[in-house]
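One structure is given here, and the rest of the page talks about it.
Rule-based calculations on the coordinates, nothing more; no lab input. These numbers were taken from a predicted model, which means no experiment stands behind them. No Cβ is skipped: glycine too gets one built from the backbone with ideal geometry, and neighbour counts run over all protein chains shown.
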Amino acid sequence: MDIMSRFGNNEMMYIRFLKKFLEDKTYVALENAWKNKDYVEIEKTAHTLKGITANLGINRLYVLTNEMVQAVREKQYERLEDIYTKIQKEYEETKECIEKIN
């Protein structure tokens with residue numbers, strides 16, 4: 001399904017939801033879970049963020065959060081540092097792009 005069709009092909013509605021992404025607290029919750037090395041919470045918040053980014057078509061962040069979910073589920077904790085660093089970078093870049101939208 002095309003991303004815009006999820007929003008009734010309404011660009012203004014899509015932009016509104018993109019901007020709401022910046023207010024969403026899931027990324028902050030992931031940061032807190034990461035700091036606490038709480039793998040259950042890391043999986044939960046990464047999974048939530050994965051769904052949000054999939055629905056909004058934020059594909060690179062979706063792919064990374066999916067990687068994180070899979071790594072936790074497979075107990076491949078040694079992979080998480082690299083994935084988390086990439087998520088941080090991608091989140092900041094995504095945030096900057098969304099903030100530039102009028």
* Structure fact -> Wholly inside the range 12-99, helices (runs of 4 or more DSSP H) that include 2 or more residues that are touching a residue at least 60 places away in the same chain (Cβ under 8 Å) are 80-99
* Asked: On the given criteria, is I52 in contact with an Asp or Glu (Cβ under 7 Å, 6 or more places away or on another chain) and β-branched (V, I, T)?
  -> yes
* To do: State all residues of the range 7-36 that are among the basic types (K, R) and closer than 18 Å to K100 by Cβ; if no residue qualifies, say none.
  => R16, K19, K20
* Structure fact -> Being among the polar types (S, T, N, Q) and over 11 Å from the mean Cα position of the chain (by Cα) narrows T53, T85, T65 down to just T85
* Restricted to the range 1-11, and to residues that are assigned to a helix (DSSP H, G or I) and of a type in the set (A, V, I, L, M), which residue is farthest from A71 (Cα to Cα)? -> M4
* Structure fact -> Expected single match for of a type in the set (A, V, I, L, M), surrounded by 18 or more Cβ atoms within 10 Å (Cβ to Cβ) and out of contact with any Phe, Trp or Tyr (no Cβ under 8 Å at 6 or more places or on another chain) among I87, I101 is I87
